[in-house]
Every structure is written in C-alpha cells, then in structure tokens.
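Below is one structure, written out as structure tokens, with a few remarks after it.
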Amino acid sequence: GGGGDAHYVPPSVPARVDSRRGGGGRRQGAAGGGENRRARMGYDAGGAAPRAADSAALPDSADAQLARQLERDVLDGSAGVRWADVAGLAEAKRLLEEAVVLPLWMPEYFTGIRRPWKGVLLFGPPGTGKTLLAKAVATECGTTFFNISVSSLASKYRGESERMVRILFEMARARAPSTVFIDEIDSLCTGRGQSGEHEASRRVKTELLVQIDGINSGTGAEGQVDRESGEGEGDKPKRPLVMVLAATNFPWDLDEALRRRLEKRVYIALPDDEAREELLRINLRGVECADDLDLTALATQLKGYSGDDVTNVCRDASMNGMRRAIAGKTPEQIRAMKKEEVAHPVTKEDFAQALRRVQPSVSDKDIAKHEQWKAEFGSG
Ligand SMILES: Nc1ncnc2c1ncn2[C@@H]1O[C@H](COP(=O)(O)OP(=O)(O)OP(=O)(O)O)[C@@H](O)[C@H]1O
Ligand SMILES: [Mg+2]
C-alpha cells in the first residue's frame, strides 16, 4: 500500500469554498484545518452574521467529514485473502490479474483499443466466492481497495449517498491505482426495500454511471492526483487508474446502462470436482483428519454444493468429534475437560453425518438462469 496516511481532503473543497465566497484567494496547497479555521474566523470578524458564515462553511466541512467516515468504512486493507485461499476459478483469477495488474505494469500498451476495462462484473450463484475473489484482488494486486456494499451504505448514508459516490471516486482517483469494489450491485437497480429507497438508489445509480464514464477518460483529475500523491510522478501513468469491480447474484436485474459499463462479465460457477477437493484442503488446513478420510471421494460426493456449502459441511464435520465428546456430560464436567479430550481427528463418518445435515443451497433452476445470462451477456 501507498505511504500517505494523512486524511484525504476532497480536491473540490477549496475551489468550492472560494467560489461561494467570491474568491477569497486562499492558497490550495495549505494543508490542514488550521488555515481553514483561520480563514473562517477572518470571515466572521468581517462583520457577517456568524450563523450565516457557519452554514456557508457547513457543506464543505461535511464533505471532508464524509470523506473521513468513508475512509474508515470503505478503505479495506485488512482482508489478507490470497489467490491460494480461493479454490478453483483459475480463469477468473487470470482475468482479474489481466484487468488490474497488467495495465499498471505496461501502461503504454493498454491504450487506445487496448485501454483497461472500466468495469468488471463477477456474477454467479450465492456462495461461490465472488466476494472472496474481490478480497484477493485487494491483497494480490497492490491497488488501493475501496469496498462498498450498496445495502449498508444506503442505510448508513441515507440522503447523502449520491455525494458519497462522488467523493468515493475522488478518493479513488487521488489514491490511484485503485479498485472500487461494489458488492451486491443489483440492489441499485431493483426497488427492493421501502418506498423512497428506490428514488435514492436511482440517483446513486445515475451518479455511479457518471463516475464510471469518467474513469480513465483523462478528464480533469490528473492535476489533483499529482498534487495529492506528491511522489514518483515521473514514472507514473498519466491517467489515474481506477477500476470498478462489481459482484451480483442477480445479473438479470442490472439494467442496460449499468451492464454496458461493466464491460467484462465473468461467470463464477459452482466449484467442479477439483475445486471442491481444493476447497476441502483449504478448509481442513488446521484440522486433524483421520486416516479413513478420502478427500477425493468426498469431493465427488459434494457435487452440487457451493463453496460456501462445502465450507459449512467442513465446519459441521469438524465439530462432530467435540459433540460426541461432550454428549451426556454436565456443564461442570465439560468445563473441566482438556483440549485434548475434546479434539478428535475428523472421520469419514463425521462427514457422512454433516452431508446429511447440510444440503446444497443452489437450485438447478438458479444455475440454468445464470448460464442463460452468461450465454447472452457474459464474456469469455
Ligand atoms: N472458491 C472458493 N474458495 C474458497 N472458499 C470459498 C470459495 N467459494 C466460497 N467459499 C467459502 O464460502 C464463503 C462465502 O463466499 P463468498 O462470500 O465469497 O460468496 P459470494 O459468491 O460472494 O456469495 P454471495 O453471492 O452470496 O455474496 C467464503 O467465505 C468461503 O469460506
Ligand atoms: Mg458476496
């Protein structure tokens, strides 16, 4: 990650303050709130009603405040998911690398017709690793990663979500190269939830379309980026590299405008035999297995299970030994048990029981719907 941990100040703030006040002529380079506060105090002392001065200053300080809050909510540096933690999906990993990493390495190649994708959509049934994959992009690709979930932001930033989107992309450009990940992007297009939410999400969607159109089109933002980062400007690509990565279970809910901007659409399918076996190995990394446990055979039995389902089966099976150990014991006896008494290697029988308890969650109908959408709109 990049070095600058100083709080981000939206580039538009000084300009807007100046224009509203008839050109105060404040220096843009002056850092921090000290200068701001002084300017405001000077303005108050100049004879205007204090209340008017306060409310004039409010929208801008609110922008900065929103930026700070967004920074906490969406700047995601902690995921730590590696490609190796994601089972299967080799093609999707390759594609994401091509979309995110290569343009950074060879900016002069990715121009004109080869310009980088503005948006990549991951679609597929629930629990197949779309969110996990996006987190791996964050770790592996070394771009600043903004992680926004439409549903949580819509409720949290009620009434300011449009502004939130604009500021978010300003931040993304200022910290480029960056990846803006929008999980559950379908919820922007459906009118789910209460009335009123629909109108708000329509406006957010419109703002998002505008912002995606502005990505890498070379309009305006370069100067601001140079001013913000202030290091290694010589060898950086001219345009700030920003890519939108989106995920959905309901690709058919996306309207045409949004779909068109998510140029690359990658199907994240249920895991195949090989991927399920890999998933079993990933999930059982810290778990002791009995000799009778054949993961290849087990992977075959798990046909139709999503990655999330397989994970749940593993969790259930690995708890079974403990269940047996504490059966019929009193709370006091359980509390007195040592770790070695509770932990037993996971057996084939544990998995047989777990398989009966955990059913596959994705229906054939759902899969068929995804494959049909893929045939119509998917890429590759
Ligand atoms: N390919 C995979 N490799 C490793 N783990 C996986 C994979 N797919 C799913 N999982 C497991 O399932 C959990 C849920 O996966 P994830 O949240 O990425 O699914 P999703 O596709 O985003 O689902 P949804 O569409 O419901 O949001 C992960 O935390 C992980 O434990
Ligand atoms: Mg998800």
In nanometres, what is the gap between the two model label sites at ALA257 and GLU274, each 7 Å from Cα along Cα-to-Cβ?
4.2
The computed P(r) of region 273-361 puts the percent of Cα pairs beyond 21 Å at 31
Count charges around PRO126 for me, please; just the other residues with Cβ under 13 Å from its Cβ, Lys/Arg as +1, Asp/Glu as -1.
-4
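With a cut-off of at most 15 other beta carbons within 10 Å, and DSSP calling the residue loop, which chymotrypsin sites (Phe, Trp or Tyr not before Pro) in region 86-132 qualify? Please list them.
TYR109
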Each label sits 7 Å from Cα toward the beta-carbon; between GLU71 and ARG356 the label points are separated, in nm, by 5.6
Order CYS189, CYS314, most accessible first, counting only protein heavy atoms with a 1.4 angstrom probe.
CYS189, CYS314
So with the 1.4 Å probe, I'd like the accessible area per residue for region 273-361, rounded to whole Å².
61
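Over region 273-361, what percent of the accessible surface lies on carbon and sulfur atoms, probe 1.4 Å?
Details: 2780 of 5430 Å².
For region 273-361, the apolar C and S fraction of the accessible surface comes to 51 percent.
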Pairs LYS135/LYS339; LYS130/LYS369; LYS303/LYS365: which exceed 23 Å Cα-Cα?
LYS135/LYS339
GLU340 and ALA325 label points (each 7 Å along its Cα→Cβ direction) are spaced in nm at 1.1
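The values are calculated or read from the model by the stated rules, or taken from the named source; none is laboratory data. All values derive from a computational prediction rather than experimental measurement. Ideal geometry is used to build each Cβ from the backbone, glycine not excepted, and the neighbour counts take in all protein chains shown. Accessible surface areas use protein heavy atoms only, side chains included; no ligands, DNA or RNA. Shrake-Rupley method; radii C 1.70, N 1.55, O 1.52, S 1.80 Å.
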